[in-house]
Amino acid sequence: MGLSDGTIKMSFTILPDDLTAAGEASSSMKKMLNQLGVSPQLVKKAAIAMYEAEINAVIHGGGGIADIIIDGQKIEILIRDEGPGIPDLELAMQEGYSTASDEIREMGFGAGMGLPNMKRYSDELIIHSEVGKGTSVKIIVNFY
């Protein structure tokens, strides 16, 4: 695995409203996981889940911070923003539910699959959101 020497940590700033840069953090993580020899199946799971969280931070959260910890057991991704928060998390978890603007939808985003895909492609998903304060999303993908 290449992790015998310990833990790898990566950190990225996610810019607000910059869809051209969106996905750079998840791409960098994907590249690192491939270099470490992580199975393509696990790389795909982690990259999709992180990409969805990253896009949400860009579109809804006013940007944010992505921290990634890779150890011998798991990939842990934490994305935090200081956006408006999610008023109804249960509703937001439903496939197809979206608060994205028409402009964002016209660009091919905002289909309401972000949170459902994060759940689908992670082994553990923990979301804390407070209206007016922001959202943190922790995604865990286990190696075993």
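Values in this text are rule-based calculations from the coordinates and carry no lab data. Quick caveat, the model's predicted, so the values are computed rather than measured. We place every Cβ from the backbone using ideal geometry, glycine too, and count neighbours over all the protein chains shown.
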**Pairs of Lys in the chain closer than 26 Å at Cα, counting only those 8 or more apart or on different chains** = 28
**Fill in**
Least to most buried among T20, T99, by other C-beta atoms within 10 Å and fewest first, runs T20, T99
**Message:** Spelling out what I want: for every residue of the range 135-144, take phi, set θ = phi - 60°, compute 6.51 cos²θ - 1.76 cosθ + 1.60 (Karplus), and round to whole Hz; glycine and proline get x.
**Reply:** 9, 10, 10, 10, 10, 10, 10, 7, 6, 10
**Once the Cα gyration tensor of the range 5-55 is diagonalised, semi-axes √(5λ) in Å** = 21, 13, 8
**Asked** Using all Cα-Cα distances in the chain, what percent lands in each 5 angstrom bin from 0 up to the longest?
**Response** 2, 11, 21, 24, 20, 12, 7, 3, 1, 0
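Which net charge results when you count Lys and Arg as +1 and Asp and Glu as -1 among the other residues whose beta-carbon is under 13 Å from that of D123? Mind showing how you got there, number by number?
On the way: positive: K45, K74, K119, R120, K138; negative: E76, E124.
Around D123, the charge tally is +3.
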**Asked** Tell me, what HN-Hα J-couplings in whole Hz come from the Karplus equation 6.51 cos²θ - 1.76 cosθ + 1.60 at θ = phi - 60° for each residue of the range 105-115, using x for Gly and Pro?
**Response** 5, 5, 8, x, 10, x, 7, x, 10, x, 5
**Item:** Rounded Å value of the spacing that divides the Cα centres of the range 66-101 and the range 105-128
**Value:** 7
**Asked** Length gain on complete extension for the stretch S39 to F143, per 0.36 nm per residue less the alpha carbon to alpha carbon distance?
**Response** 36.6 nm
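Give the order of M93, M107 when sorted by the count of other beta carbons within 10 angstrom, beginning with the fewest. If you can, show how the numbers build up before the last one.
Details: M93 17, M107 12.
With the sparsest Cβ surroundings first, the list reads M107, M93.
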**Message:** Using a 7 Å offset from the Cα along the Cα-to-Cβ direction at both A21 and A111, what is the distance between the two label points in nm, to one decimal?
**Reply:** 2.6
**Fill in**
Phi angles of the range 13-23, converted by Karplus (6.51 cos²θ - 1.76 cosθ + 1.60, θ = phi - 60°) into ³J(HN,Hα) in whole Hz with x for Gly and Pro, give 9, 9, 7, x, 6, 10, 6, 6, 8, 4, x
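Suppose every Lys and Arg Cβ carries +1 and every Asp and Glu Cβ carries -1, with no other charges. What dipole size does the chain come out with about its Cα centre, to the nearest 20 debye? Can you show the working numbers first?
Working: 12 positive and 20 negative charges, 113 e Å.
Computed charge dipole of the chain: roughly 540 debye.
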**Request:** Within 10 Å of each residue's Cβ, count the other Cβ atoms and sort Y121, Y144 from fewest upward.
**Result:** Y144, Y121
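Subtracting the Cα-Cα distance from 0.36 nm times the residue separation, let me have the gained length for K31 to S101 in nm, one decimal. Display every interim value, and only then the final one.
Values: separation 70, 0.36 × 70 = 25.20 nm, distance 3.14 nm.
Result: 22.1 nm gained on full extension.
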